[in-house]
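Below is one structure, written out as structure tokens; the observations come after it.
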Amino acid sequence: MSFPNRLDGGTPGGVPSSPEGGYRYWRQRIALAVLVFVAAVSAGVVNVPPSGLSIFESEASAGAFAQPYTVGPSAAPQSASASTTPPPAAAPTATPTPSPALVCPLPSLKPRRGVPASWPIAIQIPSIGVDAAVELAGLDKHGDMQVPVNPCDVAWYKLGAVPGAAGDSVIDGHLDWWTDGPAVFWKLKNVRAGAEIDIIDANGAKLRFKVTTLVSLHRSGEPPGTFTTTGPALLTLYTCAGVWEPGAETYSQRLFVEAVPLHVKG
């Protein structure tokens, strides 16, 4: 499939990303696992890695702000027809309302050295309060587009179109995060046609887009022309939507927001 199977923050074992959806079930097990790990470290059975890149950080933190498993520049996400058969569907549950709200630092808008000038480093959507850093995404080991490693960030598909260039520039972001509640695109569903989106590139310049279309599709679907590298410039944002499906361990739908460029600001 072209898009990742989940943008729900990677909840373990299919536990929805809210206290009402399984937190109590996992709390004791997580606490026990932590105690076992601490005991193992104390006994010298487990070696703690040195400080630096953590298990949840991408190579972005190391300077390239790119994620692992990325393949060559000719790669593209798998088509929807190549997706694996999902597990038997379970009765959907209502979309959870995670809490507390996620507090994110403002991204740096300073020009980025050693990065192509046209690459995006930040996104701003004033109408819903989004002001986020941009990670680089390629393909994961399953052939799907990678998702951000930080719930405060979005991720741009670096093997596709650059924002403002010919083709569809695709950016994804999490709806929520199993440990912290709402993530960067929690309010994306509130965007309306005509809303403005600013993409800041590595030179510090802004390219402004205007929202034209919002559409929710089944999690295995995508709008026509998504990921294309030819034709009119387009920006596509997407995240999870719909209801939580325990059997599939993800949400039932994906929300797509399409926007067209307006003008460049210095």
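Here, each number is a calculation from the coordinates, and none is a lab measurement. What you are looking at is a predicted structure, and each value in this text was computed from that prediction instead of being measured. Quick reminder, even Gly has a Cβ in these numbers, built from the backbone with ideal geometry, and neighbours come from all protein chains shown.
Both radii were evaluated on the Cα set of region 164-245; the Rg over Rh quotient, with Rh as the Kirkwood radius, amounts to 0.98. Bridging of K206 to lysines at a Cα separation below 29 Å is possible for K110, K158, K187, K189, K265, once same-chain residues fewer than 8 apart are set aside.
Summarising the amide proton neighbourhood of T239: residues at separation of 5 or more, or on other chains, whose placed amide H is nearer than 5 Å comprise L255.
The packing ranking, built from the mean of other Cβ atoms within 10 Å per residue, places the peptides 160-171, 120-131 in the order 160-171, 120-131, highest first. Among R208, R192, R113, R219, the ranking by other beta carbons within 10 Å of each residue's beta carbon, starting with the fewest, stands as R113, R192, R208, R219.
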